[in-house]
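Coordinate-derived values only; no laboratory data. Nothing here was measured: the structure is a model prediction, and the numbers come from that model. A quick note on method: Cβ atoms are made from the backbone with ideal geometry, for glycine too, and the neighbour counts reach across all protein chains shown.
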C-alpha cells in the first residue's frame, strides 16, 4: 500500500475541511489508480484516508479524517446514511425519481446513483469510484428498501477523460425494456436511461419546476432550453394558457411531445426544434410577450477560465428573456455552472436588466433539490442557481 504526504500548503488546505487534494499539494506519494491511501502532513502525522487518482488534477478525494482505515462497515454506513436521508425526505416513492447517492457530497467520491422508479442508474466519474463500483453496488442492494428491477452503468460523461477512463454504458443487473415512466408531482414523463442527458433526466430542478408552475395559471409561457419539457409540463398542468417550448435536441423534442399527450396538455404545448438564442431574439423582434419565461441553459463555464465567456452568454440570454416578459411577469433563470458563483450570477442578471431596460426583482435564489446535497466544505457542490425574478 502506498501513501500520500502533503506539502505545508496542502496541509493548510485540508484543515479548511475541503475534501479534495490537488496534485500540486502533494510533497511525495505513490499508489495505484483508485487506491484508498493514508494521507499525512509534511511531518508524517495522519490526516485521514482518500481515494487516489494517477491522472486527475484532483489527486486525492478524502473520505475520512480519521487515522483508522475505512472498512466495509464504514462504506456500508455511508451508503445507508445517504439512502435513509432520501427515505426520511419522502423521496422513495416507487413511481418517482431521485438521486440516491450524490458522490463527494455524500462521502462516496466520484459515484452518483439515481433512481427512476425501480431502476437504478449509476455514474462513475473517478478512478476511485470505478475501482469500487461492484462493491458499492453490493452495498446499495443491501440498504435499499426494495429490490431494483435493473441497475445500469451510465459512466459516459466527459469528465472521465480527466481520469484517463474510457466511457462505459452497460446493464449490470436485470433489464430495461424501453423508456421508464416516472412521476414528478402531477406530471408523468419518460426517461431514457441509456441515451438521455445525465443518467437519463435532470433531477436537481425537481422542486424548482414545481415552484415555477405557481406563476403559470392564465399566462402564456415560454420554456427555452426545454429539454424534456418538465418546466413546461408543470406549467401546463397548473393552468397556463399556452406553452411554447424551444429545444434543439431531436430525441428530447419527441419525448416532450409524447409527455404532453400523456399528461393531457398537448393542445396547449407547442414544441419547436430550434436554436434557442436565435429563437428568443426573433420572438422579441416580433413583439411576443409571455407571463412566465423559463431560461434553463446547459453549463456555460466548465472551469474558472471560461467564466468571462459565460458572463457574456448569461447576460445576453437573460437580456433577451427580460425583453419578452410582460409587465409584472416572471422569469425563472438558472445556471448549473459551479464555476459561476451565486453572487456572480446575480451580477450577470443585473447587467441583463440594465441592457433590457427593465426593472427586475429577485424574489428567490434557489438551489438544487435536497437529494443533491450541498456539502458546505465543498462549495463545488453548490452548483445550481435558480433565480425567480419579477419583471417591471
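For the stretch 69-152, the ratio of Cα radius of gyration to the globular rule of thumb 2.2 N^0.38 Å stands at 1.00.
For the chain, the longest principal axis of the Cα atoms and the long axis of helix 307-324 meet at an angle of about 30 degrees.
Taking Cα atoms only, the orientation of helix 133-143 departs from the longest principal axis of the chain by about 70 degrees.
The stretch 120-135 and the stretch 276-334 have Cα centres separated by 36 Å. When each of the peptides 215-223, 366-374 is scored by how many other beta carbons lie within 10 Å of its residues on average, the order from highest to lowest is 215-223, 366-374. Structural size metrics of the stretch 204-391, computed from C-alpha coordinates, are Rg and Dmax of 15.6, 48 Å.
The stretch 1-120: D in µm²/s via Stokes-Einstein (Kirkwood Rh, Cα pairs, 25 °C, 0.890 mPa s)?
Details: Rh = 15.4 Å.
Estimated diffusion coefficient is 159 µm²/s.
Among beta bridges from DSSP that stay inside the stretch 72-180, the antiparallel ones total about 80%. For the pair the stretch 342-366 / the stretch 189-205, the C-alpha centres are spaced 29 Å from each other.
State log₁₀ I(q)/I(0) for the chain at q = 0.08, 0.14 Å⁻¹ as given by the Debye formula over alpha-carbon point scatterers of equal weight, solvent excluded. For the chain at q = 0.08, 0.14 Å⁻¹, log10 I(q)/I(0) is -0.46, -1.22. For the chain, what is the percent of antiparallel DSSP beta bridges, rounded to the nearest 5? Around 65 percent antiparallel, to the nearest 5.
To the nearest Å, what is the center-to-center distance of the stretch 217-258 and the stretch 369-392, using C-alpha atoms only? Measuring centre to centre over Cα atoms gives 23 Å. Eigenvalues of the alpha-carbon gyration tensor of the stretch 3-64, scaled by 5 and square-rooted, set the equivalent ellipsoid semi-axes at 15, 11, 11 angstrom, largest first. Between helix 250-262 and the chain there is an angle of about 70 degrees, using the helix long axis and the longest principal axis of the Cα atoms. When peptides 135-143, 326-334 are ranked by their average number of other Cβ atoms within 10 Å per residue, the highest-first order is 326-334, 135-143. Divided by 2.2 N^0.38 Å, where N counts the residues, the Cα radius of gyration of the stretch 188-279 comes to 0.99.
Its residue count N sets the reference 2.2 N^0.38 Å, and the alpha-carbon radius of gyration of the stretch 268-371 equals 1.08 times that reference.
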